[in-house]
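A short reminder: the numbers here are calculations on the coordinates, not readings from a lab. Remember, it's a predicted structure, so these values are computed and weren't measured experimentally. All Cβ positions, glycine included, derive from the backbone under ideal geometry; neighbour counts span all protein chains shown.
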Amino acid sequence: MTFIKVCGLRDADTVDLAVRLGVDAIGFVFAESVRKVDPALAADLIARVPASIRAVGVFLGNPLDQILDIARATGLKYVQIHDLDSAEQVQSLHDAGLLVIRAVVSGKVRDGYNLDLGEDELLIDGTDAGSGVPWDWAQQQSRPQGHWILAGGLNPDNVRAALDATGAWGVDVSSGVESSRGVKNHVLIENFVAAVRN
């Protein structure tokens, strides 16, 4: 079954909806963004997520110490980091008991990439990460080994075609289930999950 992550949630009602729909992961953004949550709110929201669903902290431009502090304060076990550049950074995160999703932009992954920094999973985003702009999945020539997650401009209408084109193990959606920038639409989330599951 395809792994589904819904990202950028900031309120209890939407977190509860995602839990009821049985998504595999819920993302909480700590990078500078309209979707950013402060650690205190995130801790409350993460407490609503059952152990069977991943709560993932999303980071870009955050110092390693800050990532570790936020993870401790909120109870995060998973971190998705968009600017990892060394195995030493990954090891520090692992030493703190965290599982690491390394996010990279399309075109930056060679064929057969095999988690070279020691990260646990890989996420491939569009060339402008976080913009919600679809990229040409069919032209993604490189295929990483193992589990990898497709992101970037996915929505209920195109996610099925994206999965068919790439063979990705999982998908990550944020702006594609919003009624306006940063505002999640419950119907779109339901439609996205249905499109993937069906």
Q: For the range 34-118, please list each of the strands (runs of 3 or more DSSP E) lying entirely inside it that holds at least 2 residues being in contact with a Ser or Thr (Cβ under 9 Å, 6 or more places away or on another chain) and either touching a residue at least 12 places away in the same chain (Cβ under 8 Å) or exposed (fewer than 13 other Cβ atoms within 10 Å of the Cβ) (or both).
A: 54-59
Q. Checking residue 31 against (1) farther than 21 Å from residue 186 by Cβ; (2) exposed (fewer than 14 other Cβ atoms within 10 Å of the Cβ); (3) small (Gly, Ala, Ser), which test does it fail?
A. (2)
Q. Of all residues in the range 3-13, which are closer than 12 Å to residue 173 by Cβ and either part of a loop (DSSP other than H, G, I, E, B) or over 17 Å from the mean Cα position of the chain (by Cα) (or both)?
A. 8, 9
Q.
Restricting to the range 3-13, give me the number of residues that are closer than 21 Å to residue 153 by Cα and surrounded by fewer than 17 Cβ atoms within 10 Å (Cβ to Cβ).
A. 0
Q | residue 18 vs. criteria farther than 16 Å from residue 184 by Cα and among the hydrophobic types (A, V, I, L, M, F, W, C) | A | no
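Please find, within the range 14-27, the residue that is surrounded by the most Cβ atoms within 10 Å (Cβ to Cβ) out of those that are over 22 Å from residue 168 (Cα atoms) and free of Cβ contacts under 8 Å to residues at least 60 places away in the same chain.
15
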(Q) Quick check on the range 162-190: of everything there that is without any contact (Cβ under 8 Å) to a residue 60 or more places away in the chain, in contact with a helix residue (DSSP H, G or I) (Cβ under 8 Å, 6 or more places away or on another chain) and in a helix (DSSP H, G or I), which residue is farthest from residue 27 (Cα to Cα)? (A) 165
Q) Can residue 34 be described as out of contact with any helix residue (DSSP H, G or I) (no Cβ under 9 Å at 6 or more places or on another chain), closer than 16 Å to residue 174 by Cα and among the hydrophobic types (A, V, I, L, M, F, W, C)? A) yes
Q: Tell me, yes or no, whether the range 55-64 has at least one residue that is out of contact with any Lys or Arg (no Cβ under 9 Å at 6 or more places or on another chain) and farther than 25 Å from residue 124 by Cβ.
A: no
